[in-house]
């Protein structure tokens, strides 16, 4: 649901991360990241240390939302694939399962053809992981941490 | 929907500042970003028109302290206020966890406040969300101006259900932190109560 909480378990995160790291290598990409449609960064791989991934995640989701709006006006379902070509850096964006966004940033060490090919395979992997995640009942262990939050904990959030 | 990464031990929540044009939404998040400790400060992103009006949204991530070993990060968004940017305003509401409605207290903006609030409710309804289910606070901004609507009148028209409300002069930083704390508190409290009320939803990412 739109307003329920998304809990990403450790094992599932590791599987998503492994898939993304695999794409960094197989596509010779600079950076690969996975974002949900609300703009939350799910996982990232590659040379992320010199990038503002939080802003990138937000902007990518905004971009997909905006082109989704265009698609709707044109009575298309969505534009599942986008490509932005820069002078040095290029960005390939793929919507996976109509829910998450797979972003590949690459340069002259790779090519659009290679990225497209590898993204297709990774999208299948990610789809399988998400299907598996959704088929399983949620872990009670995952929830335990939050039921114990006290009002004092919440007050402490704002310790300046 | 708050996003919890158990591996990275992070909770991410999305809060949207909504309200009529030139009401002070961007000023609110600018002031907040200036006030947080440098290490908790994110990069303020502005998608503006050539005349410095918000075109799509402004965005800044703000890190709060840890709760139960989890880093809490609030992703703050503003919506474009101008009437004809309705389509983009609606997009920004996608996946929202908490809302601040920034009302403009000036007498001349009374209708604009009511229209913006109505539109927001309609847009949320189209996403299948009832505003009553979301952490929601109202800020009556620009209280320092002379031609302003009395608080009682603003309360009657904009806040009949009595959600947390704050008087503010955002341009001077007055009321900004209080407003944010109230919505952040609402989001985390709801997260706790949701988890306490039963098992969490599945990841939801693949649906």
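Values as computed for the structure displayed
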item	result
Any hit, the range B:58-70, residues being more than 13 Å from chain A (Cβ to nearest Cβ), touching a strand residue (DSSP E or B) at 6+ places or on another chain (Cβ under 8 Å) and on the phi < 0 side of the Ramachandran plot	no
Helices (runs of 4 or more DSSP H) fully within the range A:108-160 counting 2 or more residues that are surrounded by 12 or more Cβ atoms within 10 Å (Cβ to Cβ) and modelled with pLDDT of 95 or more	A:112-135
Residue list for the range A:47-63, restricted to those being over 19 Å from residue A:29 (Cβ atoms) and either touching a helix residue (DSSP H, G or I) at 6+ places or on another chain (Cβ under 8 Å) or more than 7 Å from every other protein chain (Cβ to nearest Cβ) (or both)	A:61, A:62
Tally, over the range A:14-42, of residues that are in contact with a strand residue (DSSP E or B) (Cβ under 6 Å, 6 or more places away or on another chain) and surrounded by fewer than 19 Cβ atoms within 10 Å (Cβ to Cβ)	2
Subset of the range B:71-88 that is within 11 Å of chain A (Cβ to nearest Cβ) and under 17 Å from the mean Cα position of the chain (by Cα) - its residue that is surrounded by the fewest Cβ atoms within 10 Å (Cβ to Cβ)	B:86
Of all residues in the range B:32-52 being at the interface with chain A (Cβ under 10 Å from one of its Cβ atoms) and surrounded by fewer than 14 Cβ atoms within 10 Å (Cβ to Cβ), the one that is nearest to the chain's Cα centre (by Cα)	B:43
Filtered residues of the range A:12-46 (kept if in contact with a helix residue (DSSP H, G or I) (Cβ under 6 Å, 6 or more places away or on another chain), facing chain B (nearest Cβ under 8 Å) and over 25 Å from residue B:43 (Cα atoms))	A:12
Per-region count, the range B:9-20, residues closer than 19 Å to residue B:195 by Cα and more than 7 Å from every other protein chain (Cβ to nearest Cβ)	4
All positions within the range B:162-207 that are out of contact with any strand residue (DSSP E or B) (no Cβ under 9 Å at 6 or more places or on another chain), within 7 Å of chain A (Cβ to nearest Cβ), farther than 16 Å from residue A:156 by Cα and at pLDDT 70 or above	B:194
Checklist (1) at pLDDT below 90; (2) touching a helix residue (DSSP H, G or I) at 6+ places or on another chain (Cβ under 8 Å) applied to residue B:40, failing item	(2)
Looking only at the range B:163-178, and only at residues there that are touching a helix residue (DSSP H, G or I) at 6+ places or on another chain (Cβ under 7 Å) and part of a helix (DSSP H, G or I), the one that is farthest from residue B:1 (Cα to Cα)	B:171
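The values are calculated or read from the model by the stated rules, or taken from the named source; none is laboratory data. Since the model is a prediction, treat every value here as computed from it, not as a measurement. Counting neighbours? That spans all protein chains shown, and the Cβs are built from the backbone with ideal geometry, glycine included.
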